[in-house]
1. Looking at M69, M31, can you tell me which residue is at pLDDT 95 or above and farther than 20 Å from V103 by Cβ?
2. Quick check on the range 38-56. Is at least one of its residues in contact with a Cys (Cβ under 9 Å, 6 or more places away or on another chain) and in a strand (DSSP E or B)?
3. Taking the conditions exactly as written (basic (K, R), under 24 Å from K6 (Cβ atoms), open to solvent by 20 Å² or more (accessible area, probe 1.4 Å) and more than 16 Å from the ligand (Cβ to nearest atom)), does K76 satisfy them or not?
4. Of everything in the range 39-56, what is in contact (Cβ under 8 Å) with a residue 40 or more places away in the chain and touching a Pro at 6+ places or on another chain (Cβ under 9 Å)? Give them in sequence order.
5. On the given criteria, is K147 within 22 Å of E26 (Cα to Cα), away from the ligand (no atom under 14 Å from the Cβ) and among the charged types (D, E, K, R)?
6. From the residues in the range 106-117 that are under 16 Å from the mean Cα position of the chain (by Cα) and not charged (D, E, K, R), which one is surrounded by the most Cβ atoms within 10 Å (Cβ to Cβ)?
7. Could you check E85 against (1) over 14 Å from the mean Cα position of the chain (by Cα); (2) touching a residue at least 40 places away in the same chain (Cβ under 8 Å) and say which number it fails?
Amino acid sequence: MVLEIKKAGAPVLKEIAAPVTEVNSEIRKLMADMADTMYDSDGVGLAAPQVGVSLRVVVIDVGEGLHEMINPVIIKREGCVIDSEGCLSVPNITGEVERAEKVRVEFINKRGKKQKMTADGLLARCIQHETDHLEGRLFTDIAKSLKKEAKKKK
Ligand code: ZN
């Protein structure tokens, strides 16, 4: 089910999201709906606060398959790269954002199992962008510069 995406200015986007305490059918339904919503908008990632749910859940697909992460925590960051970024909650704006080049992330999957993953490139950028949403942070808060444009990403 495609959900409504909250836009910048919505209070939920500024909140620190709560950890998921139990991975149940409700959480799995939320993740499925978030994935539907992300694909429907041609995004590469979506965090639960963007659909109005203040929980630590993100979905990501940069074109290599769907990643679903519950309570993701970046445990290691390496390198530094500046690149253009956008957000489904901030339509028509892109910005240059400095991110770690490579990250290691720990999370719980939809079966309740603890997982670890190392990512670089767009996937690493996306993980950092989405986990920022869980802290109530938008890319526009940390971008070095912002630009209005018609195309959208993330
Ligand atoms: Zn975003």
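The values are calculated or read from the model by the stated rules, or taken from the named source; none is laboratory data. Computed from a predicted structure; not experimentally measured. With ideal geometry, Cβ positions are generated from the backbone for all residues, glycine too; neighbour counts draw on all protein chains shown. Ligands, DNA and RNA are stripped out before the accessible areas are found, and what is left, the full protein with its side chains, is counted by its heavy atoms. Shrake-Rupley method; radii C 1.70, N 1.55, O 1.52, S 1.80 Å.
1. M31
2. Within the range 38-56 (the criterion being in contact with a Cys (Cβ under 9 Å, 6 or more places away or on another chain) and in a strand (DSSP E or B)), the answer is yes, since at least one residue qualifies.
3. Criteria not met by K76.
4. Correct list: R56 only.
5. Against the criterion (within 22 Å of E26 (Cα to Cα), away from the ligand (no atom under 14 Å from the Cβ) and among the charged types (D, E, K, R)), K147 does not qualify.
6. It comes out as F107.
7. Among (1) over 14 Å from the mean Cα position of the chain (by Cα); (2) touching a residue at least 40 places away in the same chain (Cβ under 8 Å), E85 violates only (1).
Rundown of residues vs (1) of a type outside the set (K, R); (2) closer than 20 Å to E135 by Cα; (3) surrounded by 21 or more Cβ atoms within 10 Å (Cβ to Cβ); (4) in contact with a helix residue (DSSP H, G or I) (Cβ under 8 Å, 6 or more places away or on another chain), yes/no style:
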residue	(1), (2), (3), (4)
G9	yes, yes, no, no
V20	yes, yes, no, yes
V23	yes, no, no, no
K29	no, no, no, no
Q50	yes, yes, yes, yes
V58	yes, yes, yes, yes
P72	yes, yes, yes, yes
I82	yes, no, no, no
R104	no, yes, no, no
